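Report on the structure given below.
The values are calculated or read from the model by the stated rules, or taken from the named source; none is laboratory data. Here the structure is a predicted model, which is why all the values come from computation and not from measurement. So basically every Cβ, Gly included, is an ideal-geometry build from the backbone, and we count neighbours across all protein chains shown.
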Amino acid sequence: MDWQAIGLSLRLALATTLVLQVVGMPLAWWVAFSRRRWKFLVEAVVALPLVLPPTVLGFYVLIAIGPRSPVGALYARLTGGLLPFSFGGLLVASVLYSMPFTVQPMAAAFGSVDRKLLEASWCLGVSRAGTFRRVVMPLARPGIATAAILSFAHTVGEFGVVLMVGGNIAGVTRTVSISIYDQAQSLDYTGAWHTSLLLVGFSFVVLALTYSWQRRAWMLWQPH
Amino acid sequence: MKPHRGSSRWLTLLAAALVLSAAPPPAAGAQKLTVAAAADLRFALDELATQFRAAHPEVDLAITYGSSGNFFAQIQNGAPFDLFLSADVDYPRRLITAGLASKDSLFLYGVGRIVVWVPAGSPLDPAALGIRVLEAPSVRHIAIANPQHAPYGRAAVAALRSLGVYDRVSPKLVLGENIGQAFEFVESGAAEAGIVALSLALAPAARSHGRYWEVPQEAYPKIEQGGVILARAPAGPAAQFRAFLLSAEARRILKQYGFSVPQ
(Lines give C-alpha, C1' and ligand atoms only; values in the text may rest on other atoms or scores of the structure.)
Protein backbone atom coordinates (compact mmCIF):
# COMPACT_ATOMS: atom_id res chain seq x y z
CA MET A 1 0.00 0.00 0.00
CA ASP A 2 1.24 3.47 -0.90
CA TRP A 3 1.42 5.02 2.57
CA GLN A 4 3.21 8.08 1.26
CA ALA A 5 0.24 8.88 -0.99
CA ILE A 6 -2.22 8.21 1.83
CA GLY A 7 -0.28 10.55 4.11
CA LEU A 8 -0.17 13.21 1.43
CA SER A 9 -3.93 13.00 0.82
CA LEU A 10 -4.61 13.34 4.55
CA ARG A 11 -2.31 16.37 4.78
CA LEU A 12 -3.90 17.97 1.73
CA ALA A 13 -7.40 17.32 3.06
CA LEU A 14 -6.51 18.74 6.47
CA ALA A 15 -4.95 21.88 4.98
CA THR A 16 -7.92 22.35 2.62
CA THR A 17 -10.39 21.97 5.48
CA LEU A 18 -8.54 24.50 7.63
CA VAL A 19 -8.32 27.07 4.84
CA LEU A 20 -11.98 26.56 4.01
CA GLN A 21 -13.06 26.95 7.62
CA VAL A 22 -11.33 30.34 7.68
CA VAL A 23 -12.33 31.51 4.20
CA GLY A 24 -15.71 29.80 4.06
CA MET A 25 -17.13 31.02 7.37
CA PRO A 26 -17.42 34.72 6.53
CA LEU A 27 -18.62 33.80 3.05
CA ALA A 28 -21.28 31.47 4.47
CA TRP A 29 -22.34 34.18 6.95
CA TRP A 30 -22.71 36.64 4.10
CA VAL A 31 -24.65 34.13 2.01
CA ALA A 32 -26.97 33.41 4.94
CA PHE A 33 -27.71 37.00 5.94
CA SER A 34 -26.99 39.37 3.06
CA ARG A 35 -30.02 41.06 1.51
CA ARG A 36 -28.19 42.13 -1.64
CA ARG A 37 -30.20 41.48 -4.78
CA TRP A 38 -27.18 39.96 -6.56
CA LYS A 39 -26.58 37.44 -3.79
CA PHE A 40 -27.79 34.65 -6.10
CA LEU A 41 -24.80 35.33 -8.36
CA VAL A 42 -22.35 34.66 -5.53
CA GLU A 43 -24.29 31.54 -4.54
CA ALA A 44 -24.09 30.29 -8.12
CA VAL A 45 -20.33 30.87 -8.29
CA VAL A 46 -19.77 29.05 -4.99
CA ALA A 47 -21.84 26.08 -6.21
CA LEU A 48 -20.10 25.87 -9.61
CA PRO A 49 -17.64 23.12 -8.61
CA LEU A 50 -20.61 20.87 -7.84
CA VAL A 51 -21.65 20.79 -11.47
CA LEU A 52 -18.46 21.54 -13.42
CA PRO A 53 -16.40 18.57 -14.54
CA PRO A 54 -13.12 18.45 -12.60
CA THR A 55 -11.34 18.67 -15.94
CA VAL A 56 -12.72 22.16 -16.51
CA LEU A 57 -11.64 23.32 -13.08
CA GLY A 58 -8.27 21.59 -13.39
CA PHE A 59 -7.63 23.02 -16.83
CA TYR A 60 -8.35 26.58 -15.73
CA VAL A 61 -6.46 26.23 -12.47
CA LEU A 62 -3.40 24.92 -14.33
CA ILE A 63 -3.44 27.93 -16.62
CA ALA A 64 -4.34 30.38 -13.85
CA ILE A 65 -1.49 29.36 -11.56
CA GLY A 66 1.06 28.85 -14.36
CA PRO A 67 3.93 31.30 -14.77
CA ARG A 68 2.27 33.02 -17.75
CA SER A 69 -0.79 34.17 -15.82
CA PRO A 70 -0.77 37.29 -13.63
CA VAL A 71 -1.57 35.21 -10.54
CA GLY A 72 1.24 32.75 -11.21
CA ALA A 73 3.69 35.54 -12.03
CA LEU A 74 2.82 37.41 -8.83
CA TYR A 75 3.25 34.25 -6.78
CA ALA A 76 6.61 33.59 -8.43
CA ARG A 77 7.77 37.14 -7.64
CA LEU A 78 6.66 36.92 -4.02
CA THR A 79 7.91 33.45 -3.19
CA GLY A 80 10.38 32.58 -5.93
CA GLY A 81 8.50 29.31 -6.42
CA LEU A 82 5.90 28.11 -8.85
CA LEU A 83 2.45 26.78 -8.00
CA PRO A 84 1.88 24.07 -10.62
CA PHE A 85 3.09 20.61 -9.60
CA SER A 86 3.44 21.69 -5.96
CA PHE A 87 1.51 21.07 -2.76
CA GLY A 88 0.50 24.75 -2.78
CA GLY A 89 -0.97 24.43 -6.25
CA LEU A 90 -2.99 21.39 -5.22
CA LEU A 91 -4.18 23.27 -2.16
CA VAL A 92 -5.45 26.17 -4.29
CA ALA A 93 -7.29 23.75 -6.56
CA SER A 94 -8.73 21.76 -3.65
CA VAL A 95 -9.97 24.85 -1.84
CA LEU A 96 -11.87 25.94 -4.94
CA TYR A 97 -13.11 22.42 -5.59
CA SER A 98 -14.42 21.81 -2.05
CA MET A 99 -15.76 25.33 -1.49
CA PRO A 100 -19.46 24.41 -1.81
CA PHE A 101 -19.01 21.56 0.66
CA THR A 102 -18.03 24.10 3.29
CA VAL A 103 -20.15 27.10 2.42
CA GLN A 104 -23.49 25.38 1.83
CA PRO A 105 -23.79 23.45 5.14
CA MET A 106 -22.46 26.44 7.07
CA ALA A 107 -24.84 28.88 5.40
CA ALA A 108 -27.75 26.53 6.07
CA ALA A 109 -26.72 26.27 9.73
CA PHE A 110 -26.33 30.04 10.14
CA GLY A 111 -29.63 30.63 8.36
CA SER A 112 -31.51 28.32 10.71
CA VAL A 113 -30.43 30.17 13.84
CA ASP A 114 -33.50 31.90 15.22
CA ARG A 115 -33.23 35.57 14.33
CA LYS A 116 -34.95 36.51 17.61
CA LEU A 117 -31.99 35.14 19.56
CA LEU A 118 -29.58 37.31 17.56
CA GLU A 119 -31.69 40.39 18.10
CA ALA A 120 -32.05 39.67 21.80
CA SER A 121 -28.30 39.37 22.10
CA TRP A 122 -27.74 42.65 20.28
CA CYS A 123 -30.36 44.39 22.42
CA LEU A 124 -28.55 43.18 25.49
CA GLY A 125 -25.51 45.05 24.24
CA VAL A 126 -23.42 42.15 23.02
CA SER A 127 -21.32 43.10 20.00
CA ARG A 128 -21.88 41.43 16.62
CA ALA A 129 -18.63 39.46 16.99
CA GLY A 130 -19.60 38.45 20.51
CA THR A 131 -23.05 37.38 19.36
CA PHE A 132 -21.49 35.30 16.61
CA ARG A 133 -19.11 33.60 19.01
CA ARG A 134 -21.53 33.05 21.89
CA VAL A 135 -24.91 32.56 20.17
CA VAL A 136 -24.47 31.62 16.53
CA MET A 137 -21.44 29.34 16.81
CA PRO A 138 -22.87 27.02 19.50
CA LEU A 139 -26.20 26.74 17.66
CA ALA A 140 -24.58 26.19 14.26
CA ARG A 141 -21.95 23.75 15.50
CA PRO A 142 -23.40 20.63 13.81
CA GLY A 143 -23.49 22.49 10.48
CA ILE A 144 -19.93 23.72 10.89
CA ALA A 145 -18.75 20.22 11.74
CA THR A 146 -20.60 18.81 8.74
CA ALA A 147 -18.89 21.39 6.55
CA ALA A 148 -15.48 20.38 7.86
CA ILE A 149 -16.10 16.64 7.54
CA LEU A 150 -17.52 16.87 4.02
CA SER A 151 -14.71 19.14 2.81
CA PHE A 152 -12.13 16.80 4.28
CA ALA A 153 -13.67 13.68 2.75
CA HIS A 154 -14.28 15.35 -0.59
CA THR A 155 -10.63 16.41 -0.82
CA VAL A 156 -9.42 12.90 0.01
CA GLY A 157 -11.64 11.65 -2.82
CA GLU A 158 -10.49 14.23 -5.34
CA PHE A 159 -9.11 12.80 -8.59
CA GLY A 160 -9.72 14.71 -11.80
CA VAL A 161 -8.43 18.06 -10.62
CA VAL A 162 -5.29 16.51 -9.15
CA LEU A 163 -4.68 14.57 -12.35
CA MET A 164 -4.95 17.80 -14.34
CA VAL A 165 -2.68 20.02 -12.22
CA GLY A 166 -0.57 17.67 -10.09
CA GLY A 167 2.02 16.10 -12.34
CA ASN A 168 2.08 12.91 -10.24
CA ILE A 169 5.18 13.59 -8.13
CA ALA A 170 5.71 11.07 -5.34
CA GLY A 171 5.32 12.71 -1.93
CA VAL A 172 4.31 16.07 -3.41
CA THR A 173 1.29 15.63 -5.67
CA ARG A 174 0.69 11.89 -5.94
CA THR A 175 -2.43 11.62 -3.84
CA VAL A 176 -4.08 8.37 -2.95
CA SER A 177 -6.59 8.51 -5.81
CA ILE A 178 -3.77 9.05 -8.34
CA SER A 179 -1.82 6.23 -6.73
CA ILE A 180 -4.78 3.88 -7.19
CA TYR A 181 -5.06 4.97 -10.81
CA ASP A 182 -1.35 4.23 -11.34
CA GLN A 183 -1.66 0.85 -9.68
CA ALA A 184 -4.59 -0.09 -11.90
CA GLN A 185 -2.78 1.18 -14.99
CA SER A 186 0.33 -0.82 -14.27
CA LEU A 187 -1.84 -3.89 -13.66
CA ASP A 188 -1.05 -4.03 -9.95
CA TYR A 189 -4.64 -5.00 -9.21
CA THR A 190 -3.83 -6.31 -5.73
CA GLY A 191 -2.44 -2.92 -4.71
CA ALA A 192 -5.34 -1.06 -6.32
CA TRP A 193 -7.79 -3.39 -4.58
CA HIS A 194 -6.28 -2.85 -1.12
CA THR A 195 -5.98 0.92 -1.36
CA SER A 196 -9.47 1.23 -2.83
CA LEU A 197 -10.91 -0.86 -0.04
CA LEU A 198 -9.26 1.40 2.50
CA LEU A 199 -10.84 4.44 0.84
CA VAL A 200 -14.28 2.83 0.73
CA GLY A 201 -14.01 2.05 4.43
CA PHE A 202 -12.78 5.52 5.26
CA SER A 203 -15.53 7.25 3.27
CA PHE A 204 -18.23 5.07 4.80
CA VAL A 205 -17.05 5.79 8.34
CA VAL A 206 -16.87 9.52 7.68
CA LEU A 207 -20.38 9.67 6.23
CA ALA A 208 -21.84 7.43 8.92
CA LEU A 209 -20.32 9.66 11.60
CA THR A 210 -21.71 12.75 9.93
CA TYR A 211 -25.25 11.41 9.68
CA SER A 212 -25.18 9.98 13.19
CA TRP A 213 -24.01 13.34 14.48
CA GLN A 214 -26.87 15.12 12.73
CA ARG A 215 -29.42 12.73 14.21
CA ARG A 216 -27.65 12.74 17.57
CA ALA A 217 -27.94 8.96 17.43
CA TRP A 218 -25.54 8.49 20.28
CA MET A 219 -27.14 10.86 22.73
CA LEU A 220 -28.73 8.91 25.55
CA TRP A 221 -31.09 11.66 26.42
CA GLN A 222 -33.11 13.26 23.65
CA PRO A 223 -33.72 16.94 24.31
CA HIS A 224 -37.12 18.27 23.28
CA MET B 1 -52.31 9.19 -2.36
CA LYS B 2 -53.36 11.25 -5.34
CA PRO B 3 -50.46 11.67 -7.77
CA HIS B 4 -49.27 15.22 -8.06
CA ARG B 5 -50.31 16.68 -11.42
CA GLY B 6 -47.31 19.01 -11.77
CA SER B 7 -44.69 16.40 -10.99
CA SER B 8 -46.14 13.79 -13.33
CA ARG B 9 -46.15 16.34 -16.16
CA TRP B 10 -42.53 17.13 -15.31
CA LEU B 11 -41.59 13.45 -15.46
CA THR B 12 -43.31 13.08 -18.84
CA LEU B 13 -41.26 16.00 -20.10
CA LEU B 14 -38.00 14.46 -18.85
CA ALA B 15 -38.87 11.11 -20.41
CA ALA B 16 -39.65 12.79 -23.73
CA ALA B 17 -36.30 14.61 -23.62
CA LEU B 18 -34.54 11.32 -22.94
CA VAL B 19 -36.19 9.63 -25.92
CA LEU B 20 -35.49 12.57 -28.23
CA SER B 21 -31.86 12.84 -27.20
CA ALA B 22 -31.09 9.20 -27.99
CA ALA B 23 -28.56 8.84 -30.81
CA PRO B 24 -30.05 8.31 -34.26
CA PRO B 25 -29.51 4.80 -35.64
CA PRO B 26 -26.44 4.48 -37.88
CA ALA B 27 -26.92 4.68 -41.64
CA ALA B 28 -28.08 1.39 -43.11
CA GLY B 29 -25.23 -0.91 -44.08
CA ALA B 30 -22.52 1.08 -42.25
CA GLN B 31 -20.03 -1.18 -40.48
CA LYS B 32 -18.68 0.09 -37.20
CA LEU B 33 -14.93 0.08 -36.56
CA THR B 34 -13.67 1.26 -33.19
CA VAL B 35 -9.95 1.94 -32.78
CA ALA B 36 -8.03 2.50 -29.54
CA ALA B 37 -4.91 4.48 -30.37
CA ALA B 38 -1.88 5.63 -28.39
CA ALA B 39 -1.92 9.36 -27.65
CA ASP B 40 1.16 10.08 -29.80
CA LEU B 41 -0.87 9.13 -32.88
CA ARG B 42 -3.46 11.83 -32.39
CA PHE B 43 -2.56 14.16 -35.25
CA ALA B 44 -1.13 11.65 -37.71
CA LEU B 45 -4.07 9.31 -37.28
CA ASP B 46 -6.61 12.10 -37.66
CA GLU B 47 -5.20 12.72 -41.12
CA LEU B 48 -5.00 9.02 -41.88
CA ALA B 49 -8.60 8.61 -40.78
CA THR B 50 -9.75 11.32 -43.18
CA GLN B 51 -8.14 9.45 -46.06
CA PHE B 52 -9.49 6.10 -44.92
CA ARG B 53 -13.01 7.47 -44.58
CA ALA B 54 -12.85 8.91 -48.09
CA ALA B 55 -11.78 5.54 -49.49
CA HIS B 56 -14.21 3.49 -47.38
CA PRO B 57 -17.41 5.47 -46.87
CA GLU B 58 -19.18 2.27 -45.82
CA VAL B 59 -17.08 2.03 -42.64
CA ASP B 60 -18.11 4.06 -39.60
CA LEU B 61 -14.67 4.68 -38.05
CA ALA B 62 -14.40 5.89 -34.44
CA ILE B 63 -11.02 6.52 -32.79
CA THR B 64 -10.28 6.87 -29.08
CA TYR B 65 -6.90 8.23 -27.95
CA GLY B 66 -5.27 7.46 -24.61
CA SER B 67 -2.42 5.77 -22.81
CA SER B 68 -1.48 2.35 -24.17
CA GLY B 69 -1.34 0.82 -20.69
CA ASN B 70 -4.79 2.15 -19.97
CA PHE B 71 -6.20 0.62 -23.14
CA PHE B 72 -4.44 -2.65 -22.37
CA ALA B 73 -6.20 -2.86 -19.02
CA GLN B 74 -9.53 -1.82 -20.50
CA ILE B 75 -9.33 -4.37 -23.33
CA GLN B 76 -8.55 -7.09 -20.81
CA ASN B 77 -11.78 -6.13 -19.12
CA GLY B 78 -13.88 -6.25 -22.23
CA ALA B 79 -13.61 -2.75 -23.71
CA PRO B 80 -15.44 -2.71 -27.06
CA PHE B 81 -12.51 -1.97 -29.41
CA ASP B 82 -11.86 -3.70 -32.73
CA LEU B 83 -8.30 -2.55 -33.33
CA PHE B 84 -5.60 -1.50 -30.88
CA LEU B 85 -2.72 0.72 -31.98
CA SER B 86 -0.27 0.66 -29.09
CA ALA B 87 2.79 2.83 -28.56
CA ASP B 88 4.84 -0.35 -28.12
CA VAL B 89 4.72 -4.00 -29.20
CA ASP B 90 4.63 -5.52 -25.75
CA TYR B 91 0.99 -4.79 -24.97
CA PRO B 92 -0.27 -6.16 -28.32
CA ARG B 93 1.84 -9.32 -27.81
CA ARG B 94 0.39 -9.81 -24.36
CA LEU B 95 -3.13 -9.47 -25.73
CA ILE B 96 -2.35 -12.20 -28.26
CA THR B 97 -1.00 -14.42 -25.48
CA ALA B 98 -4.17 -13.80 -23.51
CA GLY B 99 -6.24 -14.84 -26.50
CA LEU B 100 -7.84 -11.40 -26.78
CA ALA B 101 -6.29 -10.53 -30.15
CA SER B 102 -6.01 -12.63 -33.28
CA LYS B 103 -2.69 -14.39 -33.48
CA ASP B 104 -1.34 -13.35 -36.87
CA SER B 105 -2.73 -9.81 -36.86
CA LEU B 106 0.24 -8.14 -35.10
CA PHE B 107 1.79 -5.48 -37.32
CA LEU B 108 4.40 -2.77 -36.90
CA TYR B 109 3.14 0.54 -38.21
CA GLY B 110 5.84 2.92 -37.05
CA VAL B 111 8.76 3.64 -34.78
CA GLY B 112 8.31 6.54 -32.38
CA ARG B 113 10.96 9.19 -31.81
CA ILE B 114 11.39 11.44 -28.80
CA VAL B 115 12.48 15.07 -28.57
CA VAL B 116 13.33 17.58 -25.87
CA TRP B 117 10.69 20.25 -26.38
CA VAL B 118 10.57 23.81 -25.02
CA PRO B 119 7.81 26.36 -25.61
CA ALA B 120 8.42 29.11 -28.19
CA GLY B 121 8.83 31.77 -25.47
CA SER B 122 11.67 29.93 -23.74
CA PRO B 123 15.09 31.63 -23.71
CA LEU B 124 16.76 28.24 -24.09
CA ASP B 125 17.90 26.88 -27.43
CA PRO B 126 17.53 23.10 -27.47
CA ALA B 127 19.21 22.81 -30.89
CA ALA B 128 22.43 24.22 -29.40
CA LEU B 129 22.25 22.78 -25.88
CA GLY B 130 20.88 19.33 -26.56
CA ILE B 131 20.00 17.34 -23.46
CA ARG B 132 21.71 19.97 -21.26
CA VAL B 133 18.66 22.19 -21.74
CA LEU B 134 17.09 20.11 -18.99
CA GLU B 135 19.85 21.02 -16.56
CA ALA B 136 19.32 24.78 -16.99
CA PRO B 137 18.26 26.43 -13.71
CA SER B 138 15.32 28.10 -15.44
CA VAL B 139 13.92 24.64 -16.19
CA ARG B 140 12.20 23.69 -12.96
CA HIS B 141 9.85 21.05 -14.28
CA ILE B 142 10.36 18.49 -17.01
CA ALA B 143 7.21 16.82 -18.23
CA ILE B 144 7.37 13.21 -19.37
CA ALA B 145 4.74 10.52 -19.75
CA ASN B 146 4.34 8.21 -16.76
CA PRO B 147 7.05 5.54 -17.25
CA GLN B 148 4.98 3.08 -15.22
CA HIS B 149 2.52 2.60 -18.03
CA ALA B 150 3.37 4.79 -21.03
CA PRO B 151 6.02 3.55 -23.50
CA TYR B 152 7.14 7.12 -24.24
CA GLY B 153 7.71 7.68 -20.54
CA ARG B 154 9.91 4.59 -20.40
CA ALA B 155 11.86 5.81 -23.44
CA ALA B 156 12.33 9.24 -21.85
CA VAL B 157 13.71 7.75 -18.64
CA ALA B 158 15.98 5.40 -20.59
CA ALA B 159 17.32 8.34 -22.63
CA LEU B 160 17.96 10.43 -19.50
CA ARG B 161 19.88 7.54 -17.97
CA SER B 162 21.97 6.71 -21.01
CA LEU B 163 22.81 10.39 -21.57
CA GLY B 164 23.98 10.57 -17.97
CA VAL B 165 21.67 13.31 -16.67
CA TYR B 166 18.99 11.25 -14.92
CA ASP B 167 20.31 11.75 -11.37
CA ARG B 168 20.56 15.50 -11.80
CA VAL B 169 17.20 16.07 -13.46
CA SER B 170 14.99 13.43 -11.85
CA PRO B 171 13.79 15.76 -9.07
CA LYS B 172 12.34 17.99 -11.80
CA LEU B 173 10.26 15.30 -13.46
CA VAL B 174 6.49 15.67 -13.57
CA LEU B 175 4.43 12.85 -15.00
CA GLY B 176 1.64 13.19 -17.52
CA GLU B 177 -0.97 10.46 -17.63
CA ASN B 178 0.03 9.89 -21.25
CA ILE B 179 2.35 11.60 -23.72
CA GLY B 180 -0.45 13.96 -24.74
CA GLN B 181 -0.80 15.29 -21.20
CA ALA B 182 2.98 15.61 -20.83
CA PHE B 183 2.92 17.73 -23.97
CA GLU B 184 0.04 19.81 -22.61
CA PHE B 185 1.97 20.51 -19.39
CA VAL B 186 4.71 22.19 -21.46
CA GLU B 187 2.39 23.82 -23.95
CA SER B 188 0.40 25.45 -21.13
CA GLY B 189 3.59 26.89 -19.64
CA ALA B 190 3.29 24.96 -16.39
CA ALA B 191 6.45 22.95 -17.16
CA GLU B 192 9.42 24.65 -18.81
CA ALA B 193 10.50 21.66 -20.86
CA GLY B 194 9.42 18.15 -21.69
CA ILE B 195 10.46 14.98 -23.39
CA VAL B 196 7.67 14.30 -25.83
CA ALA B 197 6.91 12.45 -29.03
CA LEU B 198 8.30 14.01 -32.21
CA SER B 199 4.88 13.34 -33.70
CA LEU B 200 3.34 15.84 -31.27
CA ALA B 201 6.08 18.47 -31.75
CA LEU B 202 5.48 18.27 -35.52
CA ALA B 203 1.69 18.46 -35.26
CA PRO B 204 0.30 21.42 -37.24
CA ALA B 205 -1.39 22.79 -34.12
CA ALA B 206 1.86 22.76 -32.13
CA ARG B 207 4.62 23.33 -34.67
CA SER B 208 4.85 27.08 -34.12
CA HIS B 209 4.46 26.78 -30.32
CA GLY B 210 7.87 25.38 -29.50
CA ARG B 211 11.33 24.23 -30.52
CA TYR B 212 12.90 20.84 -30.11
CA TRP B 213 16.05 18.79 -30.15
CA GLU B 214 15.72 15.21 -31.26
CA VAL B 215 17.13 12.71 -28.77
CA PRO B 216 19.60 10.42 -30.64
CA GLN B 217 17.84 7.15 -31.35
CA GLU B 218 20.74 5.13 -29.89
CA ALA B 219 20.00 6.67 -26.48
CA TYR B 220 16.84 4.69 -25.81
CA PRO B 221 15.34 1.36 -26.81
CA LYS B 222 13.46 1.60 -30.09
CA ILE B 223 9.83 2.63 -29.57
CA GLU B 224 8.44 0.10 -32.00
CA GLN B 225 4.74 0.65 -32.25
CA GLY B 226 2.52 -2.26 -33.04
CA GLY B 227 -1.15 -2.85 -33.60
CA VAL B 228 -3.42 -5.86 -33.35
CA ILE B 229 -6.90 -6.76 -34.44
CA LEU B 230 -8.84 -7.79 -31.39
CA ALA B 231 -10.59 -11.12 -31.24
CA ARG B 232 -14.03 -9.58 -30.93
CA ALA B 233 -13.70 -7.54 -34.16
CA PRO B 234 -15.95 -8.55 -37.04
CA ALA B 235 -14.04 -9.54 -40.18
CA GLY B 236 -13.74 -6.84 -42.82
CA PRO B 237 -13.26 -3.26 -41.67
CA ALA B 238 -10.50 -4.00 -39.14
CA ALA B 239 -8.45 -5.88 -41.74
CA GLN B 240 -9.08 -3.08 -44.23
CA PHE B 241 -7.80 -0.47 -41.78
CA ARG B 242 -4.77 -2.58 -40.96
CA ALA B 243 -3.95 -2.93 -44.69
CA PHE B 244 -4.43 0.80 -45.15
CA LEU B 245 -1.99 1.64 -42.31
CA LEU B 246 0.64 -0.48 -44.02
CA SER B 247 0.10 1.11 -47.45
CA ALA B 248 2.67 3.41 -49.06
CA GLU B 249 0.37 6.41 -48.67
CA ALA B 250 -0.15 5.83 -44.94
CA ARG B 251 3.58 5.33 -44.43
CA ARG B 252 4.26 8.64 -46.16
CA ILE B 253 1.88 10.43 -43.77
CA LEU B 254 3.33 8.68 -40.71
CA LYS B 255 6.81 9.72 -41.82
CA GLN B 256 5.70 13.29 -42.27
CA TYR B 257 4.38 13.27 -38.69
CA GLY B 258 7.69 12.17 -37.23
CA PHE B 259 7.52 8.37 -37.17
CA SER B 260 10.18 6.19 -38.69
CA VAL B 261 8.46 3.53 -40.74
CA PRO B 262 9.70 -0.05 -40.72
CA GLN B 263 11.05 -1.29 -44.05
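Mind telling me which of the residues A:Ala64, A:Ala44 ends up being aliphatic (A, V, I, L, M), over 17 Å from A:Leu150 (Cβ atoms), part of a helix (DSSP H, G or I) and within 14 Å of another protein chain (Cβ to nearest Cβ)?
After applying the criteria, what remains is A:Ala64.
Would you be able to say whether some residue in segment B:225-234 is within 26 Å of A:Ala170 (Cα to Cα) and either within 14 Å of chain A (Cβ to nearest Cβ) or touching a strand residue (DSSP E or B) at 6+ places or on another chain (Cβ under 9 Å) (or both)?
Within segment B:225-234, none of the residues are within 26 Å of A:Ala170 (Cα to Cα) and either within 14 Å of chain A (Cβ to nearest Cβ) or touching a strand residue (DSSP E or B) at 6+ places or on another chain (Cβ under 9 Å) (or both).
Count, please, the residues in segment B:208-258 that happen to be in a loop (DSSP other than H, G, I, E, B) and farther than 22 Å from B:Pro80 by Cβ.
Of the residues in segment B:208-258, 9 are in a loop (DSSP other than H, G, I, E, B) and farther than 22 Å from B:Pro80 by Cβ.
So which of B:Gly66, B:Gly99, B:Gly112 is within 14 Å of chain A (Cβ to nearest Cβ) and either touching a residue at least 24 places away in the same chain (Cβ under 8 Å) or in contact with a helix residue (DSSP H, G or I) (Cβ under 8 Å, 6 or more places away or on another chain) (or both)?
B:Gly66 is the lone residue from the list that is within 14 Å of chain A (Cβ to nearest Cβ) and either touching a residue at least 24 places away in the same chain (Cβ under 8 Å) or in contact with a helix residue (DSSP H, G or I) (Cβ under 8 Å, 6 or more places away or on another chain) (or both).
Of the numbered conditions (1) away from chain A (no Cβ under 14 Å); (2) of a type outside the set (A, V, I, L, M); (3) within 30 Å of B:Leu134 (Cα to Cα), B:Pro57 satisfies every one except a single condition; which is it?
(3)
Here are some residues: B:Val19, B:Val89, B:Val35. Which one is among the β-branched types (Val, Ile, Thr) and outside the structural domain of B:Gly227 (by TED's automatic domain parsing)?
Residue meeting the stated conditions: B:Val19.
Show the residue pairs that are 6+ apart or on different chains and have beta-carbon atoms under 6 Å apart, the first residue being within segment A:132-150 and under 16 Å from A:Lys116 (Cα atoms), the second being surrounded by 21 or more Cβ atoms within 10 Å (Cβ to Cβ).
If the second residue must be surrounded by 21 or more Cβ atoms within 10 Å (Cβ to Cβ), the pairs left are A:Ala140/A:Ala109; A:Ala140/A:Phe110.
Select, from B:Phe81, B:Phe72, the only residue that is within 14 Å of chain A (Cβ to nearest Cβ), farther than 15 Å from B:Ala243 by Cα and not polar (S, T, N, Q).
B:Phe72
Would you be able to tell me the number of residues in segment A:19-42 that are free of Cβ contacts under 8 Å to residues at least 40 places away in the same chain and exposed (fewer than 15 other Cβ atoms within 10 Å of the Cβ)?
Number of matching residues: 10.
Just the residues that are without any contact (Cβ under 8 Å) to a residue 60 or more places away in the chain and assigned to a helix (DSSP H, G or I), please, taken from segment A:155-183.
Within segment A:155-183, A:Ile180, A:Tyr181, A:Asp182 qualify.
Look at A:Ser212 and say whether it is hydroxyl-bearing (Ser, Thr, Tyr), within 27 Å of A:Val56 (Cα to Cα) and free of Cβ contacts under 8 Å to residues at least 40 places away in the same chain.
Answer is no for this residue.
For B:Val261, which of the numbered conditions (1) under 30 Å from B:Glu58 (Cβ atoms); (2) of a type outside the set (S, T, N, Q); (3) outside the structural domain of B:Ile75 (by TED's automatic domain parsing); (4) touching a His at 6+ places or on another chain (Cβ under 8 Å) fails to hold?
The failed condition is (4).
Being in contact with a helix residue (DSSP H, G or I) (Cβ under 8 Å, 6 or more places away or on another chain), under 21 Å from B:Phe241 (Cα atoms) and charged (D, E, K, R): is that true of B:Asp88 here?
For B:Asp88, the condition - in contact with a helix residue (DSSP H, G or I) (Cβ under 8 Å, 6 or more places away or on another chain), under 21 Å from B:Phe241 (Cα atoms) and charged (D, E, K, R) - is met.
Residue-wise test of (1) surrounded by 15 or more Cβ atoms within 10 Å (Cβ to Cβ); (2) under 23 Å from B:Tyr166 (Cα atoms).
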site	(1), (2)
B:Val215	yes, yes
B:Glu218	no, yes
B:Gly227	yes, no
B:Ala238	yes, no
B:Leu245	yes, no
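Of all residues in segment A:67-90, which are away from every other protein chain (no Cβ under 11 Å), in contact (Cβ under 8 Å) with a residue 40 or more places away in the chain and more than 16 Å from A:Phe159 (Cβ to Cβ)?
The one that is away from every other protein chain (no Cβ under 11 Å), in contact (Cβ under 8 Å) with a residue 40 or more places away in the chain and more than 16 Å from A:Phe159 (Cβ to Cβ): A:Phe87.
So which residues in segment A:150-171 are of a type in the set (A, V, I, L, M, F, W, C) and facing another protein chain (nearest Cβ under 9 Å)?
Once the filter is applied, which keeps residues that are of a type in the set (A, V, I, L, M, F, W, C) and facing another protein chain (nearest Cβ under 9 Å), segment A:150-171 yields A:Leu163, A:Met164, A:Val165, A:Ile169.
If I ask for residues that are surrounded by fewer than 24 Cβ atoms within 10 Å (Cβ to Cβ), under 14 Å from B:Val228 (Cα atoms) and aliphatic (A, V, I, L, M), which ones from segment B:76-92 would you list?
B:Val89
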